[in-house]
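Structure, as structure tokens:
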Protein chains: 2
Amino acid sequence: MPPFGKIGYKPIPVRDLLVEMKNLSELMIDLAYSSALFNDKELAEDVLTLEKHIDNLAYLLDMEIMVASRGDPKDAEALIGVSTVAAATDKISDAAADIAAIVTRDIGVHPIVGAIFEKVEERLMKATVKEGSTISGKRIGKLDLAARMGIDIIAIRRNKDWIINPNEAERILAGDILITRGAPQGSKEFKDLAEGRTSHLEEQY
Amino acid sequence: MPPFGKIGYKPIPVRDLLVEMKNLSELMIDLAYSSALFNDKELAEDVLTLEKHIDNLAYLLDMEIMVASRGDPKDAEALIGVSTVAAATDKISDAAADIAAIVTRDIGVHPIVGAIFEKVEERLMKATVKEGSTISGKRIGKLDLAARMGIDIIAIRRNKDWIINPNEAERILAGDILITRGAPQGSKEFKDLAEGRTSHLEEQY
């Protein structure tokens, strides 16, 4: 779904839209916190892009709901809850964008802000998979990242799409942007691997 | 801190206020989703109470920030980021309250809404610790809940206070309201234990 431009009506199941909005809004909070913690403008820009994407999803969902209610008050009543939840995820994504904007606007992240987002045990990291990298073309399950490096891939950005909490069968492709969560050391190792700076785990796969 | 009534100025460190707001807003999202999933009015009411509490914290934080900036533009600039993050956590808590209101107002939770909040592997549960219960007076670490039942205590409400992510040394007291997250079977067992309906694990402690 393109993040910009005219939004045409496409029938997408309400459930799918709502699940995507919920998952993206949660990812955005994580990304926004991380962008503030590490003063990372790239992550912050991602949050702002996602915010526009969620706006579009909210628009599509509203259209779906209107079509689904077919002018019937009973149907409309049943769908009010859906609409409320969609609006709530939109509000959450706005809040994440507000935090990200501190970073993109160079307002400067006060040490207090950094401190509250710090979780010693976990850290978000972003890596772009390079052509020829050891992990390119591999299924996530095969990498056994949790056991090997203490990290998980929590999202993949592939072109304009986000795959949230990808499952084990998902294949990593060159050009994928991966968001991982986990131990700082493992995060660093994985980034080097994804970006082709090391391949020392190759023989293990 | 009382959730109602006049809010007097009390010097609480900005960092502590911000950490509490962030943690509470995250807890509220979890509680709101669970209240919608299980159509649980009690959890939904908790979310609404927490929302008022966060409003109070936001008010106190604004006062702190004004005092801290001492009319100095440089100090004020450094504190803008703090104020933005506080406003964002407030927005997140509002979103959680919107979701909870679906439940308290009997709007009816559409099956779609329930479905998107369902996570097979984890479930939030609420239990009140009864006098004489096996776990009353025990430290959390001693209970070894993750290994025994596949659950964690994510929050304790003790009188008007919330303890978020209590540490292992925290002692559970009669009257505590515990919020747990974990496997459905373990959650049920733990609730029975906390509420004194079973004590079959007693000999193990």
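The values are calculated or read from the model by the stated rules, or taken from the named source; none is laboratory data. Keep in mind that this is a model prediction, so the values were computed, not measured. Backbone-built Cβ (ideal geometry, glycine too); neighbour counts: all protein chains shown.
The residue that is nearest to the chain's Cα centre (by Cα), among those in segment B:32-47 that are assigned to a helix (DSSP H, G or I) and within 13 Å of another protein chain (Cβ to nearest Cβ), is B:V47.
Is it fair to say B:H53 is crowded, with 17+ Cβ neighbours inside 10 Å, within 11 Å of another protein chain (Cβ to nearest Cβ) and not hydrophobic (A, V, I, L, M, F, W, C)? It is false that B:H53 is crowded, with 17+ Cβ neighbours inside 10 Å, within 11 Å of another protein chain (Cβ to nearest Cβ) and not hydrophobic (A, V, I, L, M, F, W, C).
Quick grid of which residues meet (1) assigned to a loop (DSSP other than H, G, I, E, B); (2) of a type in the set (F, W, Y); (3) over 25 Å from B:E195 (Cα atoms):
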position: B:I107; (1), (2), (3): yes, no, yes
position: B:G114; (1), (2), (3): no, no, yes
position: B:E131; (1), (2), (3): yes, no, no
position: B:I135; (1), (2), (3): yes, no, no
position: B:R148; (1), (2), (3): no, no, no
position: B:I153; (1), (2), (3): no, no, no
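Can you confirm whether segment A:61-72 contains a residue that is part of a helix (DSSP H, G or I), surrounded by 22 or more Cβ atoms within 10 Å (Cβ to Cβ), in contact (Cβ under 8 Å) with a residue 12 or more places away in the chain and of a type outside the set (F, W, Y)? Yes, segment A:61-72 contains at least one residue that is part of a helix (DSSP H, G or I), surrounded by 22 or more Cβ atoms within 10 Å (Cβ to Cβ), in contact (Cβ under 8 Å) with a residue 12 or more places away in the chain and of a type outside the set (F, W, Y).
Whether any residue in segment B:160-182 is touching a Pro at 6+ places or on another chain (Cβ under 9 Å), within 19 Å of B:I54 (Cβ to Cβ) and in contact (Cβ under 8 Å) with a residue 12 or more places away in the chain is what I want to check. Yes, that holds for at least one residue. Looking at segment A:6-15, can you tell me whether even one residue there is under 21 Å from the mean Cα position of the chain (by Cα), closer than 20 Å to B:I102 by Cβ and facing another protein chain (nearest Cβ under 10 Å)? Yes, segment A:6-15 has at least one match. Considering the conditions (1) touching a Ser or Thr at 6+ places or on another chain (Cβ under 7 Å); (2) surrounded by fewer than 17 Cβ atoms within 10 Å (Cβ to Cβ); (3) under 22 Å from A:M125 (Cα atoms), A:L43 is excluded by exactly one of them, (2). Among the numbered conditions (1) assigned to a helix (DSSP H, G or I); (2) surrounded by fewer than 21 Cβ atoms within 10 Å (Cβ to Cβ); (3) modelled with pLDDT under 90, the only one that A:R181 does not meet is (1).
This table checks each residue for (1) over 30 Å from A:I102 (Cβ atoms); (2) within 14 Å of chain A (Cβ to nearest Cβ); (3) among the aliphatic types (A, V, I, L, M).
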site: B:S69; (1), (2), (3): no, yes, no
site: B:E77; (1), (2), (3): no, yes, no
site: B:V82; (1), (2), (3): no, yes, yes
site: B:I92; (1), (2), (3): no, yes, yes
site: B:R105; (1), (2), (3): yes, yes, no
site: B:G132; (1), (2), (3): yes, no, no
site: B:A147; (1), (2), (3): yes, no, yes
site: B:G150; (1), (2), (3): yes, no, no
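Checking A:V82, A:V103 one by one, the residue that is part of a helix (DSSP H, G or I), touching a His at 6+ places or on another chain (Cβ under 7 Å) and in contact (Cβ under 8 Å) with a residue 40 or more places away in the chain is A:V82 and no other. Within segment A:108-132, can you find the residues that are modelled with pLDDT of 90 or more and out of contact with any strand residue (DSSP E or B) (no Cβ under 9 Å at 6 or more places or on another chain)? Matches in segment A:108-132: A:K130, A:E131, A:G132. Which condition breaks for B:R139 when tested against (1) surrounded by 16 or more Cβ atoms within 10 Å (Cβ to Cβ); (2) at negative phi; (3) not β-branched (V, I, T)? It fails just one condition, (1). In segment B:142-162, which residues are over 11 Å from the mean Cα position of the chain (by Cα) and of a type in the set (A, V, I, L, M)? Residues satisfying the conditions are B:L143, B:L145, B:A146, B:A147, B:M149, B:I151.
From the list A:A86, A:A101, the lone residue that is at pLDDT 90 or above and either within 7 Å of chain B (Cβ to nearest Cβ) or under 22 Å from B:M28 (Cβ atoms) (or both) is A:A86.
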